[in-house]
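The values are calculated or read from the model by the stated rules, or taken from the named source; none is laboratory data. What you see is a predicted model; the values in this text were computed from it and never measured. Reconstructed Cβ throughout: ideal geometry from the backbone, glycine too, with neighbour counts over all protein chains shown. The area values use the complete protein model at the heavy-atom level, side chains included, leaving out ligands, DNA and RNA. Shrake-Rupley method; radii C 1.70, N 1.55, O 1.52, S 1.80 Å.
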Amino acid sequence: LLSIFRFLIKGGLAGAAVYVAYDQGLLGSGTEGAEALKKAQETLPPAIQEWTDYLGWEVRAAQLPSTPKIDFSLSASWNKGVHTVMSALSVAPTRACEYTVEGWKYVKDLVK
């Protein structure tokens, strides 16, 4: 009974996490994700300050790390991957021949 209860709790938390990610636009297109990141960068520092004031913690601005600047282009990464795969496929027959010749030489040397 306890394992079923744990499974239901974990499933509920996972479902809630997926719902929140979908609701905030993180599972949508790249522009929706970028907008969600901007929204989080604008919202988090005041929220952290509000909670630290509420809990009575003294947090100086120098103690909080700055938000990382993410400069990631999905299309550039995709294009680089396509170029890499096509380059590997274009030289594959030549490399296969070279490796076959090297393999035959190795086998001949072993037989001697």
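A few remarks follow.
- Any hit, segment 66-79, residues being polar (S, T, N, Q), modelled with pLDDT of 90 or more and farther than 24 Å from ALA16 by Cα: no
- Among the residues listed as GLY25, GLY81, GLY33, the single one being free of Cβ contacts under 8 Å to residues at least 24 places away in the same chain, part of a loop (DSSP other than H, G, I, E, B) and out of contact with any strand residue (DSSP E or B) (no Cβ under 7 Å at 6 or more places or on another chain): GLY25
- Here LEU26 passes the criteria (1) out of contact with any Gly (no Cβ under 9 Å at 6 or more places or on another chain); (2) among the aliphatic types (A, V, I, L, M); (3) open to solvent by 100 Å² or more (accessible area, probe 1.4 Å); (4) modelled with pLDDT under 80 except the one numbered (1).
- Scanning segment 66-78 for residues that are over 30 Å from ILE48 (Cβ atoms) and open to solvent by less than 80 Å² (accessible area, probe 1.4 Å) yields SER75, ALA76, SER77.
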